[in-house]
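All remarks here apply to the structure that follows.
The values are calculated or read from the model by the stated rules, or taken from the named source; none is laboratory data. Since this is a predicted model, take the numbers as computed values, not measurements. Counting neighbours? That spans all protein chains shown, and the Cβs are built from the backbone with ideal geometry, glycine included. Remember, those area values only see protein heavy atoms, side chains included, never the ligands or the DNA or RNA. Shrake-Rupley method; radii C 1.70, N 1.55, O 1.52, S 1.80 Å.
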Amino acid sequence: MPVYPSVRDHGVSLCERAGYDVTVREDLRGPPALAEPEDAAVGLVDAEIPRPVAIEPLTEADVGPSGLVPRFADALREGRDCLFVVPSTAATGTTLTQVVATVLGDPACVAVDEPDGRHFYKGPDRVPLSDGSYACARAPAADLQWREVRVDEGRPRLELSVGTEVVAVFEHVDALGDAGRHAFQYAYRRADDGRFEVTAGGEVVERFPGPTAMRRGGYAPVPMPIVPEHLFPADADRSRWAVCQPDGGEDVLTAAGLHAWV
């Protein structure tokens, strides 16, 4: 993934000044930098509880649910707090920090959390189907919405909708992990000649040279919803994040608000 050195180095500098020993990683596996608290370190999220910190510099394209939530979940699984560092300009810096806070703040990592169910953010992964193909829909990707609908005292069902039209239904969120081909009207697969074939009812209805052409032709791959309980440990504290920007000096924004860290 691309890393802006100036963005990464701002997070490194903040951690070092707060009493952390920082290791910059070059293998592009996991966080680009890790910070371990030394004896006098000040905690990132809680000043009295310094924990290891994953430093995650972001590009503009990363600042959204599909870029933020998996990185945050990885940090919590490893027992780390997570410091996101967003690129900063006079025009966009503050806005990007607000996007991070909106995605990770209350309700944590879901778009809507109401008594009758949740609305999920769309993740980076596609929905695989039982026959080896992937789900797609005849609609723009932006119009696809995953949501829960509570109809009785049991678990809410999961629905994929396009506007007011429901195009797929599952018994609950866990059922999506074993989706049959019958669950979606359309699916796509890569044929032996490398072209992408869209199928419906067992028949090929369209062929495209690649995924971009498929989207332009009106078929969008269906993204997996971001379901927090599928990503985070059961006891994870989803408030253990912070976000900063190079133009912001020593200020970090956490679930508790904006403050000077060091």
Might you report the magnitude of the Cβ-based charge dipole of segment 111-230 about its Cα centre, with Lys and Arg at +1 and Asp and Glu at -1, to the nearest 20 debye?
-> 580 debye
Quick one: putting +1 on the C-beta of Lys and Arg, -1 on the C-beta of Asp and Glu, what dipole do you get for the chain around its Cα centre, in Debye to the nearest 20?
-> 1000 debye
Anyone know which of 192, 74, 143 comes out most mobile in the 10 Å Cα GNM of the chain?
-> 192
Two-decimal Rg/Rh across segment 111-230, once Rg and the Kirkwood Rh are taken from alpha-carbon atoms = 0.99
Expressed as a percent, the accessible surface of the chain that is carbon or sulfur, using a 1.4 Å probe and the full set of protein chains, is 47 percent
May I ask for the distance between the Cα centers of segment 1-77 and segment 124-157, given as a whole number of Å?
-> 32 Å
Could you give the angle, 0 to 90 degrees to the nearest 10, between helix 5-17's Cα long axis and the longest principal axis of the Cα atoms of the chain?
-> 50 degrees
Could you provide, to the nearest whole Å², the per residue accessible area of the chain with probe 1.4 Å?
-> 50 Å²
Please state the equivalent ellipsoid semi-axes for segment 146-193: what are the square roots of 5 times the Cα gyration tensor eigenvalues, largest first, in whole Å?
-> 25, 13, 7
Could you tell me how many degrees, from 0 to 90 and to the nearest 10, lie between the Cα long axis of helix 93-104 and the main elongation axis, the longest principal axis, of the Cα atoms of the chain?
-> 60 degrees
Residue-count net charge about residue 261 - beta-carbon cut-off 13 Å; Lys, Arg +1, Asp, Glu -1 = -4
Probe 1.4 Å, all chains present, heavy atoms only: residue 171 accessible area in Å², nearest 10, is 140 Å²
The percentage of Cα-Cα pairs in the chain separated by more than 22 Å is 60 percent
Would you work out if segment 17-68 is rounded, prolate or oblate? Take a ≥ b ≥ c from the square roots of the eigenvalues of the alpha-carbon gyration tensor; rounded if a/c is under 1.5, else prolate when a/b is larger than b/c, oblate otherwise.
-> oblate
